[in-house]
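Following: one structure in structure tokens, then a few remarks.
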Amino acid sequence: MTDHWIVWAIAAVATACVILRPFAWPEWIWAAAGAVALVASQMLSPQQALAGVRSGLDVYLFLIGMMLLAELAREEGLFDWLAGHAARAARGSPARLFSLVFAVGTIVTIFLSNDATAVVLTPAVAAVARTAEVAEPLPYLFICAFIANAASFVLPISNPANLVIYGTHMPPLLEWLQQYALPSLLAIVATYAVLRWTQRAHLRQAIKTEIAIPPLSGPAKRAAIGIIVAALALIAASAADIALGLPTFAAGIATTVLVLAKSRTNPGKILGHISWGVLPLVAGLFVLVAALQETGLTAAVAGLLRGLATQSPDEAHWATGLLLGFGANLVNNLPAGLLAGRVVELANAPAAVRAATLIGVDLGPNLSVTGSLATILWLTALRREGQHCSAWTFLKLGALVMPPALILALLVL
């Protein structure tokens, strides 16, 4: 039992450091340090740690593919071109620009996943803010973080955590839509309403109306085609029940070769600007999850859930959704999804409880900056754009945005 407490303590300290970033060190250092500490203290064997790292292979491939596509689009000027059109479509109205960005973010999340929204859309929105000469760009950038989670259960491919929770028992698309369409709609509408209300003071400032749109180069067009192909590949892979990592990675590599073959851009520049630190961050989180599973935590929680679901399915539905909605912020929703998926499977939980689990894991992370991988990716992209959002600032906003969306989604479920 003492060993269990050591594992839980290491996991708690590592997670806290990922959230607080002591000494302003990157998040990945603390996640990796937690993984190393587990092995060094012999709480986890090297073989078990490597197995934990390998379990995230599909996620690594997915992220590499998306980061390549985003960096290509950024470097070749695709985002600047899109930004010009978006700023011009706003016609000088900050509120219209806000709604436009929110709509685009919803579409990107649904068809490309929440991580893609953080990686691909954030630099595009930053470019829009610069083009429109927005005095305070953060309200528009907040959209990228919040819609990435709010719209992440419209389709199975909208969030990698969805695939983790259902595993090999993914329901058919029509059945999925029947169960999640209304909760998703209410979550998106509630997120828009609260976010728009909280940012209303910033949406009164005038923005530029005379927008010069730069020409779209050949490499930029090829980058756009690569992103579209990636979206189609993700939809096809989901329909065929194929893991999303390899198709996304292949689309990213193929687009990189196609674009750079006829571009003057140095490949080293593209690779050098990618936020590679997210990979050891995810790997460290997977190792922490592996250690927690070894303590028997999942089996114990599964027993409790099985008993609650037998006595009162409604209470199990609410308890699971709310607990995971807030709890996912303590460990990040990707490892939380891995643990929750295993718990639901062991408990043989009813469909409504599994659905509440998914909604809690997907939507709950809108509370804090470390709630989901998408939000951590958003933070990384934000820093690259010269913007800053502290954990406390995000928490204050998330405390207003997340609870109404979560409660409404669980209510209609």
Original post:
Has region 1-12 got any residue that is surrounded by fewer than 21 Cβ atoms within 10 Å (Cβ to Cβ), among the aliphatic types (A, V, I, L, M) and under 27 Å from Ser152 (Cα atoms)?
Top reply: yes
**OP:** Take Thr310 and decide whether it is polar (S, T, N, Q), within 26 Å of Glu294 (Cβ to Cβ) and part of a helix (DSSP H, G or I).
**Re:** no
Original post:
Any chance region 165-174 includes a residue that's under 26 Å from Ala352 (Cα atoms) and either among the β-branched types (Val, Ile, Thr) or modelled with pLDDT of 95 or more (or both)?
Top reply: yes
Subject >> Failed item in (1) modelled with pLDDT under 90; (2) of a type outside the set (D, E, K, R); (3) under 26 Å from Ala145 (Cα atoms); (4) surrounded by 15 or more Cβ atoms within 10 Å (Cβ to Cβ), with Val259 passing the rest >> reply: (3)
Subject >> Tally, over region 263-285, of residues that are at pLDDT 85 or above and crowded, with 21+ Cβ neighbours inside 10 Å >> reply: 3
Subject >> Total residues in region 362-402, condition assigned to a helix (DSSP H, G or I) and either without any contact (Cβ under 8 Å) to a residue 12 or more places away in the chain or farther than 29 Å from Pro350 by Cα (or both) >> reply: 20
Original post:
Any idea which residue in region 341-372 is surrounded by the most Cβ atoms within 10 Å (Cβ to Cβ), counting only those that are touching a Gly at 6+ places or on another chain (Cβ under 8 Å) and small (Gly, Ala, Ser)?
Top reply: Gly371
**OP:** Working only within region 98-122, note down all residues that are modelled with pLDDT of 85 or more and surrounded by fewer than 24 Cβ atoms within 10 Å (Cβ to Cβ).
**Re:** Phe98, Ser99, Leu100, Phe102, Ala103, Val104, Thr106, Ile107, Ile110
Original post:
Could we say that Tyr140 is farther than 14 Å from Phe102 by Cβ, in a helix (DSSP H, G or I) and among the aromatic types (Phe, Trp, Tyr) here?
Top reply: no
Original post:
Which of (1) under 26 Å from Ile64 (Cα atoms); (2) at pLDDT 90 or above; (3) buried (at least 24 other Cβ atoms within 10 Å of the Cβ) does Cys389 not meet, given it meets every other one?
Top reply: (3)
Original post:
Looking at (1) without any contact (Cβ under 8 Å) to a residue 40 or more places away in the chain; (2) surrounded by 23 or more Cβ atoms within 10 Å (Cβ to Cβ), which is the only condition Asn149 fails?
Top reply: (1)
Subject >> Among the residues listed as Leu411, Leu406, Leu330, the single one being farther than 23 Å from Phe286 by Cβ, surrounded by fewer than 20 Cβ atoms within 10 Å (Cβ to Cβ) and hydrophobic (A, V, I, L, M, F, W, C) >> reply: Leu411
**OP:** Show the residue pairs that are 6+ apart or on different chains and have beta-carbon atoms under 6 Å apart, the first residue being within region 120-140 and of a type outside the set (Ser, Thr, Tyr), the second being modelled with pLDDT under 90 and in a loop (DSSP other than H, G, I, E, B).
**Re:** Ala126/Glu385; Ala132/Ile207; Ala132/Lys208; Glu133/Lys208; Val134/Ile207; Ala135/Gln205
Original post:
Scanning region 206-252 for residues that are among the polar types (S, T, N, Q) and under 20 Å from the mean Cα position of the chain (by Cα), which turns out nearest to Ala127 (Cα to Cα)?
Top reply: Thr248
**OP:** With the condition kept exactly as written, say whether any residue in region 33-56 is touching a residue at least 40 places away in the same chain (Cβ under 8 Å), crowded, with 23+ Cβ neighbours inside 10 Å and of a type in the set (S, T, N, Q).
**Re:** no
Original post:
So Ala206 fits all but one of (1) assigned to a loop (DSSP other than H, G, I, E, B); (2) closer than 25 Å to Pro365 by Cβ; what number is the exception?
Top reply: (2)
Original post:
With respect to Ala135, is the statement that it is among the aliphatic types (A, V, I, L, M), surrounded by fewer than 23 Cβ atoms within 10 Å (Cβ to Cβ) and not in a helix (DSSP H, G or I) true?
Top reply: yes
Original post:
How many residues does region 341-361 hold that are over 23 Å from Leu400 (Cα atoms), assigned to a helix (DSSP H, G or I) and either among the β-branched types (Val, Ile, Thr) or modelled with pLDDT under 80 (or both)?
Top reply: 8
Original post:
Residue check: is Thr122 touching a Leu at 6+ places or on another chain (Cβ under 8 Å), hydroxyl-bearing (Ser, Thr, Tyr) and not in a loop (DSSP other than H, G, I, E, B)?
Top reply: yes
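The values are calculated or read from the model by the stated rules, or taken from the named source; none is laboratory data. These figures come from a predicted structure and were not determined experimentally. Here the Cβ is made from the backbone with ideal geometry for all residues, glycine too, and neighbour counts use every protein chain on show.
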